[in-house]
Amino acid sequence: MNSKGNTGFPHTFLIDDTETKDALVIAENVNSYFTNLEPKLTEKTLQFPKSFDAFMPHPPPCSFGLLPTSSSEIIQISLLLKNSTSPGIDDINPSIARS
C-alpha cells in the first residue's frame with residue numbers, strides 16, 4: 001500500500017526527557033499512562049454528595065405494555081406501507097409483510 005514505508009506515525013517518542021525508538025518501551029509507557037489515568041482523574045474530580053441515580057428522572061421507565069390488536073388492524077396498517085421492494089431497518093421486504 002505505502003511503498004515508501006511512511007505510516008505517518010512518529011518514529012521516536014520522548015519519554016522522561018529521553019528519546020526512544022524501542023517499540024516495547026513505547027508500548028509499556030503508553031499502557032502505564034492509560035492504566036494510571038483513571039486514578040489521577042478520580043482525584044481531580046469533584047465529589048458530589050448525591051448518588052448518580054439522584055440525577056435520573058424518577059421513577060425510571062422499567063416496563064411497557066402491549067395492547068391487544070386484531071387482524072383487520074394489521075391489514076389496515078400493512079396497506080399504509082409504501083409500494084417498495086427495498087427492506088427497511090427490520091430487513092423485512094414490504095411485499096412480504098403485505099402478503
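Computed from the coordinates by the stated procedures, all read-outs in this text should not be read as laboratory data. Everything numeric in this text was worked out from a predicted model, so none of it was measured. Cβ atoms come from the backbone with ideal geometry, glycine included; neighbour counts cover every protein chain shown.
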Roughly how big is the chain's charge dipole about its Cα centre, with Cβ charges of +1 (Lys, Arg) and -1 (Asp, Glu), in debye to the nearest 20?
-> 480 debye
Quick calc: nm separation of the 7 Å Cα→Cβ label points for Met56 and Leu24 -> 4.7 nm
Relative to the chain, whose Cα atoms define the longest principal axis, helix 23-44 and its Cα axis are tilted in degrees, nearest 10, by 70 degrees
Before anything else, pin down the relative contact order of the chain: Cα pairs under 8 Å, at least 6 apart, normalised by residue count, whole percent.
-> 11 percent
Based on the alpha carbon coordinates of the chain, what radius of gyration and maximum Cα-Cα distance (Dmax) apply, in Å?
-> 29.1, 77
For the pair Ile15 and Asn93, how long in nm is the line joining their label points, each one 7 Å along Cα→Cβ?
-> 5.8 nm
Among Glu38, Glu19, Glu73, determine the one that fluctuates most according to a GNM of the chain built with springs between C-alpha atoms less than 10 Å apart.
-> Glu73
Taking 0.36 nm per residue of separation and subtracting the Cα-Cα distance, what length does fully extending Thr69 through Ser84 add?
-> 2.9 nm
Considering the dipole of the chain built from charges on the beta carbon (Lys and Arg +1, Asp and Glu -1) around the Cα centre, which of Asn31, Gly8, Ser72 is farthest to its positive end?
-> Ser72
Student exercise, segment 11-56 dipole from Lys, Arg, Asp, Glu Cβ charges, in Debye to nearest 20 = 280 debye
Restricting things to alpha carbons, find the Rg to Rh ratio for segment 11-56 using the Kirkwood radius for Rh.
-> 1.29
